[in-house]
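Remarks on the structure that follows.
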Amino acid sequence: MLVGAAGAGLLVGCSAGGEGSDAAGKSSSVVEKARARVAKDSGGLVERYDAVIAAHPDLAALLTPLRAEVVRHARAFGGGEGAGSASASASPAASASHSPSPVPEDPKAALAGLAAAERALADKRGKALVAVPGEVARLMASVAAAGAGHAYLLTEGAK
């Protein structure tokens, strides 16, 4: 039984290797799409941070370092210098989908909204990393973990 499973694994490995440049091209395409999606999502998150900071300047001390990390995440995946650059290449329709929702007047609710956005994005990235190879998957996992950490800090900051 074990030999049969090992043999099947070898056959799968051989057949996948036989595709040559087609498999490499598909993998490259998947990686580039994943990198672009992560950069774009990070750009949208930077916009949310900007909106909350603009609406609640007293939260800037808490939010500015977290926002800076999100900008670094966007850059790591090929995004720009911040929200404007990270989404500047997107069409107006695509940009509209990343427009932050209205910021609640209550600072605690605004922090809770940011925490929920960080958590949702971390979950999305955690699920998506299985579709990309090694180095990109590790980077996505690291950024997802950072996002989960941000969600925790934002939740604690809301207390």
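The values are calculated or read from the model by the stated rules, or taken from the named source; none is laboratory data. All values reported here derive from a predicted model rather than from experimental measurement. Note that each Cβ is placed from the backbone with ideal geometry, even for glycine, and that neighbours are counted across all protein chains shown. Heavy atoms of the whole protein, side chains included, go into the accessibility calculation; ligands, DNA and RNA do not. Shrake-Rupley method; radii C 1.70, N 1.55, O 1.52, S 1.80 Å.
Quick notes
- D41 being open to solvent by less than 40 Å² (accessible area, probe 1.4 Å), within 21 Å of A122 (Cβ to Cβ), among the charged types (D, E, K, R) and modelled with pLDDT of 90 or more: yes
- The listed residue being among the β-branched types (V, I, T), open to solvent by less than 40 Å² (accessible area, probe 1.4 Å) and either under 21 Å from A60 (Cα atoms) or under 10 Å from the mean Cα position of the chain (by Cα) (or both), out of V136, V132, V143: V143
- Leading residue by the ranking (nearest to L121 (Cα to Cα)) among those in the stretch 1-38 that are at pLDDT 85 or above and of a type in the set (A, V, I, L, M, F, W, C): V38
- Once the stretch 67-81 is narrowed to residues that are buried (at least 20 other Cβ atoms within 10 Å of the Cβ) and under 25 Å from A109 (Cβ atoms), the residue that is modelled with the lowest pLDDT is H73.
- Residue ID - farthest from the chain's Cα centre (by Cα), chosen from residues in the stretch 48-66 that are surrounded by fewer than 19 Cβ atoms within 10 Å (Cβ to Cβ) and of a type in the set (D, E, K, R): D58
- Scanning the stretch 104-119 for residues that are small (G, A, S) and surrounded by fewer than 14 Cβ atoms within 10 Å (Cβ to Cβ), we see that the one that is farthest from R37 (Cα to Cα) is A109.
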